[in-house]
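Below is one structure, written out as structure tokens; the observations come after it.
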Amino acid sequence: MPLSTQSQTDDEFYVLVATLDNARNLSNILKAIAFKDHAIFSATPNGLKVTVEDSKCLQANAFIQAEIFQEFTIKDDLVGFQVNLTVLLDCLNIFGGSAVPGVSTALRMCYVGYGYPLTLFLEEGGVVTVCKINTQEPDEPIDFEFCSSNVTNKVILQSESLKEAFSELDMTSEVLQITMSPNQPYFRLSTFGNSGNAHYDYPKDSDMMELFQCTKTQMNRYKMTLLKPSTKALALSCKVSVRTDSRGFLSLQYLVRNDDGQICFVEYYCCPDEEVEEEGS
């Protein structure tokens, strides 16, 4: 690959170098969390974590493991910066981002360190384009304090069944109510829109249900405006894990296979709708 020799003389200056034979393996997963302009990049020897947040109520994380990259070299335990995600995606698709078989854009992503731009070398068909994107000091991501020990209910579904549910529920509803219970209705999605109330139930022994672990009945509402961005990840995924903790916080973890069949994860955290809780108290 021509990019394998591109700027290697400068490698000693970079704190982070990551290469991909197919830039779509990065751009597709970033599209799944692209609902705000700015993204926080955190690189460790294990790989890359990209975080996007909205008004302290919603957080999306994309995890791209180091093994996904053809080369992943990092000189510090943690390298962090913030970039404009819209600009980055435009650069990654500078050659059109075509899905033509046998045609792919190679990527070499390099970062010198604080105060320096993120440099992308993109090559397709022998043509190399260099993009430099300004970086900022990263904000501290919100800690939603969502930990497995506090998870009360968890189901794993085939993504197709969740896509089907979203297509049938009334998206004019301001909230999505999620009911999870060890008893019927087990796992229910409800909306309250212009055309009335709608419910979508999943039996716990459904073929679409890979795992059902519910210890207590929980009914929580989440603002539809906060959940809508996660449908981008749903569209790319093949499985989704739905978890709630004792506070009613929601975790949606999507398993996404890239063009090469490798697995990446996208996770969304969402706060419950507090107004509803106040009404019920």
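The values are calculated or read from the model by the stated rules, or taken from the named source; none is laboratory data. Here the structure is a predicted model, which means the values were calculated and not measured. FYI the Cβ positions are ideal-geometry reconstructions off the backbone, even for glycines, and counts take in every protein chain you see. For accessibility, only protein heavy atoms count, side chains too; no ligands or nucleic acids. Shrake-Rupley method; radii C 1.70, N 1.55, O 1.52, S 1.80 Å.
Observations on the structure shown:
- Additional length obtainable on full extension of the chain from Ile263 to Leu78, 0.36 nm per residue less Cα span: 64.3 nm
- P(r) of the chain over all Cα-Cα pairs, binned every 5 Å from zero, in whole percent: 1, 5, 12, 15, 17, 14, 11, 9, 7, 5, 3, 1, 0
- Candidate aspartates and glutamates - alpha carbon under 20 Å from Lys232, same-chain residues fewer than 8 apart omitted: Asp37, Glu53, Asp54, Asp90, Glu160, Glu164, Glu168, Asp170, Glu174, Asp259, Asp260, Glu267
- Each peptide in 42-51, 197-206 was scored by the mean count of other Cβ atoms within 10 Å over its residues; highest first, the order is 42-51, 197-206.
- The simple spin-label model puts a point 7 Å past each Cα toward its Cβ; for Phe95 and Val130 those points are separated by 1.8 nm.
- Accessible area in square angstrom per residue, the chain, 1.4 angstrom probe: 47 Å²
- Checking the cross-link pairs Lys132/Lys154; Lys36/Lys75; Lys49/Lys132 against a 31 Å limit on the alpha carbon distance flags Lys132/Lys154 as lying beyond it.
- Most mobile listed residue (Asn84, Asn61, Asn150) in the chain, GNM with C-alpha springs under 10 Å: Asn150
- Accessible surface of the chain [probe 1.4 Å, protein heavy atoms]: carbon and sulfur percent: 47 percent
- The label-point distance for Lys163 and Asp205, in a model that sets each label 7 Å from Cα toward Cβ, rounds to 2.8 nm.
- Total charge dipole magnitude, segment 11-61, about the Cα centre, Cβ charges on Lys, Arg, Asp, Glu only, Debye to nearest 20: 260 debye
- Among Ser246, Leu88, Pro117 the positive-end extreme of the charge dipole of the chain (Cβ point charges): Ser246
- Highest-MSF residue in the chain out of Gly115, Gly102, Gly196 [GNM, Cα springs under 10 Å]: Gly102
- Projecting label points 7 angstrom from Cα along Cα→Cβ for Lys216 and Asp54 puts them 3.0 nm apart.
- As a ratio to 2.2 N^0.38 Å, the alpha-carbon radius of gyration computed for segment 176-229 takes the value 1.21.
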